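Worksheet for the structure shown next.
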Amino acid sequence: MNRTVTPLGTPRRATRALHTIAAVAALFCALPAMASPITFESSTPNALLSGESISEGGYQMLILPSPDTDGPDLSTAFGAVVNSNDPNTCTVFGCPTGASGHFLAVLNDGGVKFTRDGQQFQLGSLSLAFLPPADVADGDYGLLQFSGIRGDGTVVSSTSAFPGQAANGSFSFGSALIDQKFRNEVLTSLTINACLFDGNGGCFNSLENPAFHQAQFALDNISFNAVPEPGSFLLMGLGIGALGLTRRRSKASASTPATI
């Protein structure tokens, strides 16, 4: 006598659940992860020469000299970790309004290069301020410049305007208005420096057209999105593929009754 036997469901449901969990876990592993913002609170306030670096949150920040510097310069500070609560550290330039603790000052037309132990990342957000060497009237004096290197070695770039001055005349911190297309770029390094407007639609800070130590800026609360390595994306693909195969097998089992 033949009778139809419905395929057992419980073990199959358990198997499907395990595959689902694996696929979801792989998906989360492959998504960019935002770390805590870099605030420089763990860095000791100090002047930084070209070639010196500081690190925080897995990111390294290398201080770069001005474009017109010829060879190593061991006498000029191109960066500094500044304690805004210490008035003795804000004698050369006024500490920007809105600083609540430590921040990174990039001085004398220098720059800063961000890397992440050879791994990839995306720029999330940051606070910035213009640092004039002397009291100047409120106005637009220049731009913050971003230069990123992709994994294939190609260069992408963007800019952001500086916030203006507060009521007391001090330049203030504000959020950088970064193009969303540049935020979506996956980078292996990011270099930031500043340029000054020339009054004719250009912005200069180069070997041929130096800024004479006036292209200075401050950074704080920098957020990056860490991008997983390609192996994580492969893991995600395998997990989703296993989930799809399990579903196909489940449908096939459900549509083919077993007989004894």
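Throughout, read-outs are computed from the coordinates displayed, never taken from laboratory work. This one's a predicted model, so the numbers in the text were calculated from it and none came from an experiment. Neighbour counts are summed over all protein chains in view; Cβ atoms, including those assigned to glycine, are modelled from backbone coordinates with ideal geometry.
Kindly evaluate PHE182 against the criterion of being surrounded by 21 or more Cβ atoms within 10 Å (Cβ to Cβ) and out of contact with any Asp or Glu (no Cβ under 7 Å at 6 or more places or on another chain).
Details: surrounded by 21 or more Cβ atoms within 10 Å (Cβ to Cβ): no; out of contact with any Asp or Glu (no Cβ under 7 Å at 6 or more places or on another chain): yes.
Here the answer is no, as PHE182 does not meet what is asked.
Taking the options GLY71, GLY151, GLY124, name whichever one is closer than 22 Å to PRO228 by Cα, loosely packed, with under 14 Cβ neighbours inside 10 Å and not β-branched (Val, Ile, Thr). Show your work before the answer.
Details: GLY71 fails: closer than 22 Å to PRO228 by Cα; GLY124 fails: loosely packed, with under 14 Cβ neighbours inside 10 Å.
After applying the criteria, what remains is GLY151.
Which one is nearest to LEU207 (Cα to Cα), of the residues in region 57-76 that are part of a strand (DSSP E or B) and out of contact with any Leu (no Cβ under 6 Å at 6 or more places or on another chain)? Steps first, answer last, please.
Here is the first cut: in region 57-76, the ones part of a strand (DSSP E or B) are 59-64.
Add one more test, that the residue is out of contact with any Leu (no Cβ under 6 Å at 6 or more places or on another chain), and what stays is 59-62, 64.
On the way: TYR59: 28, GLN60: 26, MET61: 23, LEU62: 20, LEU64: 14 Å.
Here the answer is LEU64.
With respect to GLY169, is the statement that it is touching a residue at least 24 places away in the same chain (Cβ under 8 Å) and assigned to a loop (DSSP other than H, G, I, E, B) true? I'd like the intermediate steps shown before the answer.
Working: touching a residue at least 24 places away in the same chain (Cβ under 8 Å): yes; assigned to a loop (DSSP other than H, G, I, E, B): yes.
Yes; evaluated as a whole, the condition is true for this residue.
Give the number of residues within region 105-127 that are over 20 Å from PHE212 (Cα atoms) and part of a strand (DSSP E or B). Let's see the steps before the verdict.
So the first thing to find is which residues in region 105-127 are over 20 Å from PHE212 (Cα atoms), and the list is 113-127.
Restricting the remaining residues to those that are part of a strand (DSSP E or B) gives 113-115, 120-127.
Of the residues in that region, 11 qualify.
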